[in-house]
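Input: a single structure, listed below in structure tokens.
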Amino acid sequence: MDKIPGIMKIGYQSLRKISKYFEIFLGIRISHQTIKNWSNKNHEETINNEEFEYSGYYLYDEQFLRLNGVRHYRLTLFDAVLNVPVSERIVRRRIPKNTKKFILDSTKDKPFICLTTDLFPMYRNVSDEIGVNHQLCTFHLFQTIHHKLKVYCRRNKINGKERDYIYENAQELKNCF
């Protein structure tokens, strides 16, 4: 049970992967449900990775999860250059105040040049309040463009060569990045 926090500090691992680690390295078979129960019992509010000198270029994301049947959010800050997690925190509500506090706490006494996020509008406001450069994740940008093109073609009944032409040009734009 005492190994789980150490494994989780390395970075996000699914419960099934953690179970597999126990089986491979310790020769113990533990169900993923047991690992979930153990991790819920002793989880810290925030996990900080203090062992690096960070680049100042961070990625921010959040995922929802259920703890004891109640919806929570896992906030994650990741160093984009070093490819390592900086900090994670579990919060009950996804509101700008929680996001801003998490980012400021995680980057205290660390360089902070740029924050990359997905397209959720709240992130732009938070980065403006913090006073840091903000950029959007290109994957999410192109995912949104593709979705809008698909809807446009469906609504306007564009099929065949016209639709292929639109998608090919969108793909060429994507290749520029």
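Using alpha carbons only, how many angstrom separate the centre of the stretch 117-143 from the centre of the stretch 53-71?
Taking the Cα centre of each part, the stretch 117-143 and the stretch 53-71 sit 15 Å apart.
Counting other C-beta atoms within 10 Å, and keeping those with at most 13, which DSSP coil trypsin sites (Lys or Arg not before Pro) do you find in the stretch 116-176?
Numbers: sites: 124, 148, 150, 154, 155, 157, 161, 163, 174; in loops: 157.
Here the sparse-neighbourhood loop sites are 157.
Could you work out how much longer the chain between residue 165 and residue 17 gets when fully extended? Use 0.36 nm per residue separation minus the Cα distance between them, nm to one decimal.
Values: separation 148, 0.36 × 148 = 53.28 nm, distance 4.25 nm.
Taking residue 165 through residue 17 to full extension adds about 49.0 nm, to one decimal.
Taking R0 as 45 Å, what's the FRET efficiency between residue 149 and residue 74 from their Cβ-Cβ distance, rounded to 0.05? Intermediate results must be reported in sequence, preceding the final value.
Working: r = 32 Å, r/R0 = 0.70.
Working from the Cβ atoms, E equals 0.90.
Suppose R0 equals 45 Å; then what is the FRET efficiency for residue 157 and residue 82 from their Cβ-Cβ distance, rounded to the nearest 0.05? Each step should come with its number before you reach the end.
Values: r = 49 Å, r/R0 = 1.08.
E between residue 157 and residue 82, to the nearest 0.05, is 0.40.
Based on the Cβ-Cβ distance from residue 53 to residue 120, what FRET efficiency comes out when R0 is 25 Å, to the nearest 0.05? Could the numbers behind the result be given before it?
Numbers: r = 29 Å, r/R0 = 1.17.
Once the sixth-power term is evaluated, E becomes 0.30.
Only the coordinates and a few stated rules stand behind these numbers; no lab work does. Note that the structure is a prediction, hence the values are computed from the model and not measured. A quick note on method: Cβ atoms are made from the backbone with ideal geometry, for glycine too, and the neighbour counts reach across all protein chains shown.
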